[in-house]
Amino acid sequence: MKTSISLNQENLSLIPSDVITPSYDRDKVTTSIVHIGVGNFHRSHEAFYTNELMERYGILDCGICGVGLLDYDRRIYNILKDQDGLYTLITKELDGSLTARVIGSIVEYIFAPENPIAVIEKMANPAIKIISLTITEGGYNLNEATGEFDFSNPVIVEDMKNPMSPKTVFGYLSQALKLRMQRGIPGCTIQSCDNIQGNGDVAKKALTEYIEKTEPELLPWIEENVSFPNSMVDRITPVTVAADIERLKTEFQVEDQWPVVCEPFKQWVIEDQFITGRPEWEKVGAQFVENVIPFENMKLRLLNAGHTVLGMLGALHGYKTIDEAAHDKDFQFFLKAFMNEEVTPTLGNLGNIDLNKYKKSLIDRFQNIYIKDLISRICLESSAKIPIFLLPTIKAQLQGKANITRATFIIAAWCKYNDGVDENGKSYAIEDALSNELIRAAALSHENPIRFLQIRSIFGDLIDNKTFVDAFLSSLKMIREKKIKECVAEINSRLS
Ligand code: CS2
């Protein structure tokens, strides 16, 4: 048996040659990006693109300093410390083979709960040009119903009381930007990489509302010196499972405590608004455009909502992974009809994008049997995702008095999903910031079906729309009476 090599800087030269390793000198990399939220997605996407720039073009002034804000981040902090910031990105190719690539672009990491001042100082450092974020859809702390920053959130209340030892991204950004202003340091770009419509605008809105209350004198400086480009980010990045770690060890002799797995596809479309400059990511496949909104609409309403469709249907039926649900003929038919009849009309003019090709590619990506993207990953935090992925389609279709049957059916399926048990009687956890409220509303909806839609922080005024409410009630009734596959087959035949 071949011995495996623990991944770290010293061992890089010992790693077998079928693993791609950084050939650039990592000691020469300088940091100009701080990234908050080093999860799997950041590691398969921005850190990957940046590593490519280093590897293929020798551009070394765009090193990343990762920052973990949450206690949960302690694990990645310890692992990256152990591995000198290195990790393996395992691409699961379409033929089932693996490409293993060690990524070297994360050259520093600060665990904020241990050293908040170091994080503030790093973000304020003149060498830092970009502070990028993957803080999840829910991380922007805006209330769906009011659209406003949620000052009642207890961690925000704490940050307002203790500005020098913040807990939230808003606390950190405001202190760092304040230091930049006070010290006469140029501004920077705050770059959201989350799946949110107008993610840069949303980041700006949330931060501005927070700062208006906490450090209002900063606002004019921010307006002049900080930019917030919108972007569309895409690469399916499933949860890493023990089998991935094991396969890396047996097939490539690399011992990595937390590798990342991903699909081969990747896309990054960004508005070119980087006030103090940026890496030339276009050299390695990123697209810079003037207006990213149509791309975002397309991706969020088709890919992410497509995931939600397959996730909710699949979870109730008892499937475990997205590819299983995507191969189910009834679910696939339903998904295609949802995309064509309910989403496509809302997308407007997409210029020269070939939408049919895009939709076809999504089905192929969902069906990729090697990715094994867990349905549980797709369904978690749905209360933050559904208002972004699905409700805009429903609202746009309602405005045009057009079909909302399938999108609304998924909302009803989500209500049932919150009962926490699939059709085989197997229970699962509801992993969601609003889990208590969701579980309670779903339970009460057995007596009073409309109760689920009364969660205002999710549905806002949609409850006042009779067409939507009626569609929801009849879907929920059907879902409670019949198996999910039967319901879907019925809708498929009724509407086809
Ligand atoms: C998924 C996304 O979380 C979800 O529900 O739809 O994580 C999706 O896999 C990525 O956005 C793909 O780019």
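The values are calculated or read from the model by the stated rules, or taken from the named source; none is laboratory data. Predicted model only: the values in this text are computed from it and were never measured. Every residue, glycine as well, gets a Cβ built from its backbone with ideal geometry; the counts of neighbours run over all protein chains shown. SASA here: full protein model, heavy atoms, side chains in, ligands and nucleic acids out. Shrake-Rupley method; radii C 1.70, N 1.55, O 1.52, S 1.80 Å.
Taking the stated definitions as given, is Ala325 outside the structural domain of Gly39 (by TED's automatic domain parsing), over 29 Å from Ile76 (Cα atoms), within 15 Å of the ligand (Cβ to nearest atom) and in a helix (DSSP H, G or I)? Here the answer is yes, as Ala325 does meet what is asked. Against the test of being within 16 Å of the ligand (Cβ to nearest atom) and either open to solvent by 20 Å² or more (accessible area, probe 1.4 Å) or aromatic (Phe, Trp, Tyr) (or both), the options Asp364, Asp373, Asp330 yield a single qualifying residue, Asp364.
Give region 57-78 a look and list any residue that's open to solvent by 10 Å² or more (accessible area, probe 1.4 Å), of a type in the set (A, V, I, L, M) and more than 17 Å from the chain's Cα centre (by Cα), or say none.
Residues of region 57-78 open to solvent by 10 Å² or more (accessible area, probe 1.4 Å): 57-61, 69-75, 77-78.
From the residues that got through so far, the ones that are of a type in the set (A, V, I, L, M) too are 59-60, 69-70.
Those that are open to solvent by 10 Å² or more (accessible area, probe 1.4 Å), of a type in the set (A, V, I, L, M) and more than 17 Å from the chain's Cα centre (by Cα): Ile59, Leu60.
Being touching a residue at least 12 places away in the same chain (Cβ under 8 Å) and open to solvent by 70 Å² or more (accessible area, probe 1.4 Å) is the filter; apply it to region 235-249 and report the residue that is farthest from the ligand (Cβ to nearest atom). Lay out the reasoning, then the answer.
First, pick out the residues of region 235-249 that are touching a residue at least 12 places away in the same chain (Cβ under 8 Å): 235-241, 244-245, 247-249.
Now restrict to residues that are open to solvent by 70 Å² or more (accessible area, probe 1.4 Å): 247, 249.
On the way: Arg247: 21, Lys249: 26 Å.
Here the residue is Lys249.
Conditions (1) within 14 Å of the ligand (Cβ to nearest atom); (2) within 18 Å of Ser493 (Cα to Cα); (3) not assigned by TED's automatic domain parsing to the domain that holds Met54, marked per residue:
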site: Val284; (1), (2), (3): no, no, no
site: Lys299; (1), (2), (3): yes, no, yes
site: His317; (1), (2), (3): no, no, yes
site: Asn340; (1), (2), (3): no, yes, yes
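Counting only residues that are part of a helix (DSSP H, G or I), modelled with pLDDT of 95 or more and among the acidic types (Asp, Glu), region 427-468 holds 2 of them. On the given criteria, is Ser445 over 17 Å from the mean Cα position of the chain (by Cα) and either assigned by TED's automatic domain parsing to the domain that holds Lys482 or without any contact (Cβ under 8 Å) to a residue 40 or more places away in the chain (or both)? Judged against the criteria, Ser445 is a match.
Hey, any hits in region 414-424 for a residue that's among the basic types (Lys, Arg), open to solvent by 50 Å² or more (accessible area, probe 1.4 Å) and outside the structural domain of Gly139 (by TED's automatic domain parsing)? I'd like the intermediate steps shown before the answer.
Going through region 414-424, the residues among the basic types (Lys, Arg) turn out to be 416.
Checking which are open to solvent by 50 Å² or more (accessible area, probe 1.4 Å) leaves us with none.
There is no residue in region 414-424 that is among the basic types (Lys, Arg), open to solvent by 50 Å² or more (accessible area, probe 1.4 Å) and outside the structural domain of Gly139 (by TED's automatic domain parsing).
For Lys205, indicate whether it is surrounded by fewer than 18 Cβ atoms within 10 Å (Cβ to Cβ), farther than 23 Å from Gly277 by Cα and away from the ligand (no atom under 16 Å from the Cβ). Don't jump to the end; show me each part of the working.
Values: surrounded by fewer than 18 Cβ atoms within 10 Å (Cβ to Cβ): yes; farther than 23 Å from Gly277 by Cα: no; away from the ligand (no atom under 16 Å from the Cβ): yes.
In short, no.
Can you tell which of Ile386, Ile371 is under 22 Å from the mean Cα position of the chain (by Cα) and either within 22 Å of Val260 (Cβ to Cβ) or not in a helix (DSSP H, G or I) (or both)?
The conditions single out Ile371.
Being closer than 14 Å to Ile36 by Cα, assigned by TED's automatic domain parsing to the domain that holds Met181 and open to solvent by less than 10 Å² (accessible area, probe 1.4 Å) is a description that does not apply to Met54. Considering Thr393, Thr344, the condition of being open to solvent by less than 20 Å² (accessible area, probe 1.4 Å), of a type in the set (S, T, N, Q) and either in a helix (DSSP H, G or I) or touching an Asp or Glu at 6+ places or on another chain (Cβ under 7 Å) (or both) is satisfied by Thr393 alone.
Residues Val226, Val260: which one is outside the structural domain of Ile388 (by TED's automatic domain parsing), within 16 Å of the ligand (Cβ to nearest atom), over 30 Å from Ala407 (Cα atoms) and at pLDDT 95 or above? Walk me through it before giving the result.
On the way: Val226 fails: within 16 Å of the ligand (Cβ to nearest atom).
After applying the criteria, what remains is Val260.
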